[in-house]
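No lab work stands behind these numbers, since they all come straight from the coordinates. Predicted, not measured: the structure shown is a model, and the values here were computed from it. Here Cβ is always computed from backbone atoms with ideal geometry, including for glycine, and neighbour counts include all displayed protein chains.
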Amino acid sequence: MINFKKEIAQKIAKVTNLNEKELEKYIEVPPNSDLGDYAFPCFKLAKDLRKAPPMIANDIKENIEIDKNIIERIDVVGGYLNIFINKATLVETVLEEISKSNEKYGASNIGEGKTAVIEYSSPNIAKPFHIGHLRTTVIGGALYKIYNFLGYKTIGINYLGDWGLQFGKVIAGISLWKDEYDFENDEMGSILKTYIRFNKEEKENPELTEMARDYFKKLENGEPEIVKQWEHIRKISIDNYQKTYKLLNSKFDSYNGEAYYNDKMEPIVKELIEKGLLKESQGAKVVDLEEYDMPPCIVITSAGTTIYATRDLAALKDRINKYDFDKLIYVVGNEQQLHFKQVFKVMELMGYEKYVARCTHVPFGLVVDKEGEKIGSRKGNSVFLEDILNEAIDKVKDIINEKNSELQDKDEIAKKIGVGAIIFNDLANSRIKDEVFDWDTILNFQGETGPYIQYIYVRTRSILNKAGYTPKLKEIDYNMLKEKEAIEILKIIYMFSETIQNAADKNEPSILARYLIDLSQSFSSFYNEHKIITDDESIQNARLYLTYAVGTVLKTGAELLGMEMPERM
Ligand code: ARG
């Protein structure tokens, strides 16, 4: 595909003798296409060229040698160059690329030979897999697919919280109340009930806490009976999570969680000692980080046990050896910001700065209700992720039964729409913001939602079906796509690859989510203004091809977010 930005930067570099790559970064896309398809702010050059921006703009315009096939016209407005690209070339380059790559359109090989490790989901076993883990699962899943599409070798790690005092609690609880719950028929539910009850009762009864500690100690010491129980609880939990992962289409290459690092902590502690980094503080062993304005990183507690940070240090070291990654992305809530800063700093002090530079903590906000309150048990609404996904599916089924009860494969379609709606809602805004979870918004088929994108996609499919075929590119007269609305669509499609790369650079799937809304809306404006099926065959063919292109990009993009597209709805 022709790279318009690069072309512009090259030509400006020739006139100004400035660095082409730098210049390319300055190129903007104006909010309104009357101001050009691209704009170049000359303010950025004022310092280098020692001239006023409007003068620079005029100079460039006067001396630039443009290829009319690529750049149609340049206007000077104040300190800006407003650049209009050749629309016929745009149409041709986009449609040819689509016809060449189809569902691979937008993919790239910038990640070739590189490994991106993405750690996400990572629920805490024995505790409920609740809505709190929706975001990491969805954001991480999208990044996993996006990096893959960019040519990276991707490794998805589910760093299960499968070690810790919570097991002591559950095992103690089971020993006390085994007969009070239906472990036979509903093991997972009973485990959760036990855990919740234990937490409640332990507040009034400190002996319970002691008991949990004892059990956990037995587990740490490897007492076979207890280890067996732990293994069983872990297995039941993972099996149970699979139902949620299946609904969300989440894939992992490794389930190495915290427990996996039990025997890998001793070496890292030793290494810390050898490197002179561990010091004694109030009975604990810590790495002092005062110099970096952080509280000390506790490695061994005063009770002599390892903790969360110890395991993360061991895990990072292990991943360095195992994957020799180019990127290691931790998709974990914002409240663990400090934890990751500490872990990264300690690894840096140990001499792994080269790898730490490749690590990123990708934080995100909470899930809140319309009133801004964190979604939890207080209001009695369901908080288990699986239940919420099923609720979404049921709600969509109701809508379908009401509006289109004849639809075939209702269940399958309701699943795609319901789950897609939840996924899209999670990714629709920048991740650091709290996600508002409100059914009316999530399932609004007219809003900026997953169902809306699916609806537009289905629209493109039904138009093509109605016409009876997908047109071949060689039958298309590019001159038939001239309308403002058609050009707008093509410009958006042209930006697809850049958008995906941008989403990866910022680890921000919302950039792609917004893009899909823009594309859907622009297609909607197009078919509100122009008939696609018409008597004029050459117009119809061109518009059908455009319709095909929109559908293709919507599908590819939505799937990168983890959604599935229904063919009918
Ligand atoms: N299990 C943790 C939690 O649910 C998240 C794990 C984050 N990853 C890490 N490497 N510490 O809070």
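Please state, as a whole number in µm²/s, the translational diffusion coefficient that the Stokes-Einstein equation yields for the chain at 10 °C and 1.306 mPa s, with Rh defined as the Kirkwood radius across alpha carbon pairs. Please report the intermediate quantities before stating the final value.
On the way: Rh = 27.0 Å.
The calculation lands on 59 µm²/s.
Think of segment 461-569 as having a plus end and a minus end, set by charges on the Cβ of Lys, Arg, Asp and Glu; of LEU481, LEU519, GLY468, GLY468 sits farthest toward the positive end of this dipole. Taking a virtual spin label 7 Å from the Cα of ARG73 along the C-beta vector, which residues in segment 30-51 bring their backbone nitrogen under 13 Å of it? Zone members listed by number: 34-37. Each Lys and Arg contributes +1 and each Asp and Glu -1, all at the Cβ; summed about the Cα centre of segment 135-288, the dipole is approximately 840 debye. Quick one: helix 308-323 against the long Cα principal axis of the chain, what's the angle to the nearest 10°, folded into 0 to 90? Here the helix axis deviates by roughly 50 degrees.
Once every DSSP H run of n ≥ 4 in the chain is given -39500 (n - 2.57) and the sum is divided by its residues, what mean residue ellipticity at 222 nm do you get, rounded to the nearest 500 deg cm²/dmol?
-17000 deg cm²/dmol
How many percent of DSSP beta bridges within the chain run antiparallel, rounded to 5?
Numbers: 21 of 38 bridges.
So the antiparallel bridges amount to about 55 percent of the total.
Per-peptide packing, taken as the mean over residues of other Cβ atoms within 10 Å, places 162-173, 42-53, 426-437 in the sequence 162-173, 426-437, 42-53 from highest down.
Working note: Karplus 6.51/-1.76/1.60 with θ = phi - 60° gives segment 526-536 the couplings 4, 7, 6, 8, 10, 6, 8, 8, 9, 6, 7 Hz, where Gly and Pro are set to x. Pairs exceeding a 22 Å alpha-carbon distance, out of LYS317/LYS354; LYS416/LYS491; LYS21/LYS484; LYS178/LYS374: LYS416/LYS491; LYS21/LYS484; LYS178/LYS374. Given their separation in residues at 0.36 nm each and the Cα-Cα distance between them, LYS21 and LYS374 gain 122.6 nm when the chain is fully extended. Scoring 279-290, 139-150 by mean Cβ neighbours within 10 Å over their residues and listing the highest first yields 139-150, 279-290. Highest-first packing order for the peptide set 114-124, 180-190 is 114-124, 180-190, based on the mean count of other beta carbon atoms within 10 Å.
Between ASP324 and LEU473, what is 0.36 nm times their sequence separation minus the Cα-Cα distance? Round to one decimal in nm.
On the way: separation 149, 0.36 × 149 = 53.64 nm, distance 4.36 nm.
Stretched fully, the ASP324-LEU473 segment lengthens by 49.3 nm.
Ranked by Cβ crowding within 10 angstrom, fewest neighbours first, how are THR449, THR209 ordered?
Working: THR449 22, THR209 18.
The order, fewest Cβ neighbours first, is THR209, THR449.
Distance between the 7 Å Cα→Cβ label points at GLU498 and SER175: 6.4 nm. For the pair segment 474-534 / segment 536-553, the C-alpha centres are spaced 12 Å from each other. Taking other residues whose beta carbon is less than 12 angstrom from the beta carbon of LYS6, and scoring Lys, Arg as +1 and Asp, Glu as -1, yields 0. The calculated FRET efficiency for the pair HIS530 and ASN262, based on their C-beta separation and a Förster distance of 41 Å, comes to about 0.05. Counting only aspartates and glutamates at least 8 places from LYS264 when in the same chain, those with an alpha carbon closer than 14 Å to its own are GLU220, ASP312, ASP318.
Cα-Cα over 29 Å: which of LYS25/LYS87; LYS395/LYS433; LYS14/LYS474? Working shown, then result.
Working: LYS25/LYS87 23 Å; LYS395/LYS433 26 Å; LYS14/LYS474 37 Å.
Table pairs above 29 Å Cα-Cα are LYS14/LYS474.
In percent, how large is the relative contact order of the chain, given Cα pairs closer than 8 Å and 6 or more residues apart? Don't jump to the answer; show the numbers that get you there.
Numbers: 871 pairs, mean separation 81.3, N = 569.
Relative contact order of the chain: 14 percent.
For LYS68, a cut-off of 18 angstrom between C-alpha atoms picks up these aspartates and glutamates, skipping any fewer than 8 places away in its own chain: GLU7, ASP37, GLU92. Within a straight-line Cα-Cα reach of under 17 Å, LYS217 can be paired with the following lysines, leaving aside sequence neighbours fewer than 8 residues apart in one chain: LYS169, LYS228.
Which FRET efficiency value, to the nearest 0.05, do you get for GLU280 and ASN465 by plugging their Cβ-Cβ distance into 1/(1 + (r/R0)^6) with R0 = 56 Å? Provide the component values of the computation, followed by the final result.
Working: r = 73 Å, r/R0 = 1.31.
Working from the Cβ atoms, E equals 0.15.
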